[in-house]
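Working notes, beginning with the structure itself.
The values are calculated or read from the model by the stated rules, or taken from the named source; none is laboratory data. Bear in mind the structure is a predicted one, so any value in this text is a computation, not a measurement. Positions of Cβ are generated from backbone atoms using ideal geometry, with glycine treated the same way; all protein chains shown enter the neighbour counts. Each accessible area value is taken on the protein alone, full model and side chains, heavy atoms only, with ligands, DNA and RNA left out. Shrake-Rupley method; radii C 1.70, N 1.55, O 1.52, S 1.80 Å.
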Amino acid sequence: MSFAGIGRTLTHAIAVRAAARGLSSTAAPLSQAAAPKWSASTASLVGRLRDQQKYYATVVIKGRPFTVAQNDIVVMDRIKDLELGDSLALDQVTELGSLDYTIKGQPFVDPALYRIEATVIEHPDGKQFTVTKKKQRTAGQKTTYHRNHHTMLRISLIDVNSIQS
């Protein structure tokens, strides 16, 4: 399955149906990436964040930021390459935190610190817009109709990984 149409925002996307069909994704799994060396203070601060019960994240999907928590539903512009039930690993996170602690990226948080997954639940159509074009001083008038197409994602997992100093 090709994710070329969505750009760099979903580089670590995992298509469940593509895996069932035997198609491979070009993105390398996060577990194969070399783990960076963290300082002791960074490890203790991430440990404090891991002790919290609920997390939120500000993720960038198709160039737009969304602030999400677990089980939230995100309604966004249609992504044609995705089908219902596909699972995505979101990797562009600008902020990750809880009620007490926050990690801000410059511009993005290191993907080794977190794991965020979303599932496609629906491809709804938006409400219908009426566009009326009228020529001045004539009886000519044209009416057209337009509907925007959307993709609905459910944030199924937000997890902060443990790190070793």
Could you list, in sequence order, all residues of region 133-145 that are touching a strand residue (DSSP E or B) at 6+ places or on another chain (Cβ under 9 Å) and either open to solvent by 80 Å² or more (accessible area, probe 1.4 Å) or assigned to a loop (DSSP other than H, G, I, E, B) (or both)? Lys133, Lys134, Lys135, Gly140, Gln141, Lys142, Tyr145
Yes or no: region 92-103 includes at least one residue that is open to solvent by 80 Å² or more (accessible area, probe 1.4 Å), farther than 30 Å from Ser41 by Cα and not in a strand (DSSP E or B). no
Over 20 Å from Val160 (Cβ atoms) and acidic (Asp, Glu), is that true of Asp51? no
Give me the residue from region 108-125 that is touching a Ser or Thr at 6+ places or on another chain (Cβ under 8 Å) and in a strand (DSSP E or B) and, out of that set, most open to solvent (accessible area, probe 1.4 Å). Glu122
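Each row is one residue, and each column tells you yes or no for (1) loosely packed, with under 12 Cβ neighbours inside 10 Å; (2) assigned to a strand (DSSP E or B).
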{"site": "Val60", "(1), (2)": "no, yes"}
{"site": "Val68", "(1), (2)": "no, yes"}
{"site": "Val74", "(1), (2)": "no, yes"}
{"site": "Asp81", "(1), (2)": "no, no"}
{"site": "Gln106", "(1), (2)": "yes, no"}
{"site": "Lys127", "(1), (2)": "yes, yes"}
{"site": "Arg147", "(1), (2)": "yes, yes"}
{"site": "Leu153", "(1), (2)": "no, yes"}
{"site": "Gln164", "(1), (2)": "yes, no"}
Could you list, ordered by first residue, the pairs with Cβ atoms under 8 Å in which the first is in region 139-164 and within 30 Å of Val46 (Cβ to Cβ) and the second is open to solvent by 90 Å² or more (accessible area, probe 1.4 Å) and of a type in the set (Lys, Arg), at least 6 apart or interchain? Leu157/Arg115; Ile158/Arg115; Asp159/Arg115; Val160/Arg50; Asn161/Arg115; Ser162/Arg50
Is it the case, given these coordinates, that Val46 is in a strand (DSSP E or B) and either β-branched (Val, Ile, Thr) or open to solvent by 20 Å² or more (accessible area, probe 1.4 Å) (or both)? no
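Each row is one residue, and each column tells you yes or no for (1) modelled with pLDDT of 95 or more; (2) under 15 Å from the mean Cα position of the chain (by Cα).
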position	(1), (2)
Ile79	no, yes
Glu95	yes, yes
Thr102	no, no
Gln106	no, no
Val109	no, yes
Ala112	no, no
Glu117	yes, yes
Val120	yes, yes
